[in-house]
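Beneath this line is the structure, given in structure tokens, with notes to follow.
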Amino acid sequence: MSATAQRSVTPAKALTAESQASIVTSPLARRVLAFSRIVIGFFFLWPFLDKTFGLGFATPSERAWINGGKPAQGFLGGVTGPEGTSPFKGFFTIFINPFGDVLFMLGLLGIGVAMIAGAGLRIAAVSGTLLMIFMYLAEWPFFVQGNTNPFIDSHWVEALLLIIAAVTLAGDTWGVGKWWGGLDLVKKNRWLR
């Protein structure tokens, strides 16, 4: 007598979209997180605009990217030059080229737009955190004279704001996150959320 093995087959679970309301139950907290998300998004978008068009704040018009300026090369040239204090300055010289400029500027633009819109927060948080780690290591505040804290600087705070926005799905409030999260592609690939 032969026995047939019976496997219990569970029906495919319907894909459901994550929601911020299931993570953060206080409406006030959701609004504060949304405001923080928009602020950190603008914090990244503004340098992109200033460095691209030379609006005269950190970047004068003659050093604008559209006028031949070199945004990443300028920053990295300063921190890897003779006055640079980072023990990693040799590593960062590989980004002192036009490819480094494009990578840096696209990062600022992508992170800024994603955070302001409220979609793609996980990708923006990962890429923004990597950018902040690289900038921290390039400047290496431990050896900089006059720092108020030799270990933690604003790069840590910026990275944490990006991560908090992503893990709390802050784009659902005052953003397109809820719509974005409802797309079949995003439901199947949660890392796009």
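Some notes on this structure:
- Criterion violated by THR25 - all others in (1) within 16 Å of ARG193 (Cβ to Cβ); (2) open to solvent by 80 Å² or more (accessible area, probe 1.4 Å); (3) hydroxyl-bearing (Ser, Thr, Tyr) satisfied: (1)
- Evaluation of PHE88 against (1) farther than 11 Å from GLU139 by Cα; (2) surrounded by fewer than 18 Cβ atoms within 10 Å (Cβ to Cβ); (3) aromatic (Phe, Trp, Tyr) (one fails), failing number: (1)
- Tally, over region 91-112, of residues that are touching a helix residue (DSSP H, G or I) at 6+ places or on another chain (Cβ under 8 Å) and open to solvent by less than 70 Å² (accessible area, probe 1.4 Å): 15
- Every test in (1) open to solvent by less than 60 Å² (accessible area, probe 1.4 Å); (2) at positive phi is passed by MET115 save one, and that test is (2).
- Within the option set ALA72, ALA125, being under 17 Å from the mean Cα position of the chain (by Cα), of a type outside the set (Lys, Arg), open to solvent by less than 50 Å² (accessible area, probe 1.4 Å) and closer than 21 Å to ILE38 by Cα holds for one residue only, ALA125.
Residue-by-condition table, conditions (1) at pLDDT 95 or above; (2) charged (D, E, K, R); (3) part of a loop (DSSP other than H, G, I, E, B):
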position: THR4; (1), (2), (3): no, no, yes
position: ARG7; (1), (2), (3): no, yes, yes
position: TRP46; (1), (2), (3): yes, no, no
position: ALA72; (1), (2), (3): no, no, no
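- Looking across region 180-193, the residues that are assigned to a helix (DSSP H, G or I) and touching a residue at least 12 places away in the same chain (Cβ under 8 Å) come down to TRP180, GLY181, GLY182, ASP184, VAL186, LYS187, LYS188, ARG190, TRP191, LEU192.
The values are calculated or read from the model by the stated rules, or taken from the named source; none is laboratory data. None of these values were measured; they are calculated from a predicted model. All Cβ positions, even for glycine, are placed from backbone atoms using ideal geometry, and neighbour counts span all protein chains on display. For accessibility, only protein heavy atoms count, side chains too; no ligands or nucleic acids. Shrake-Rupley method; radii C 1.70, N 1.55, O 1.52, S 1.80 Å.
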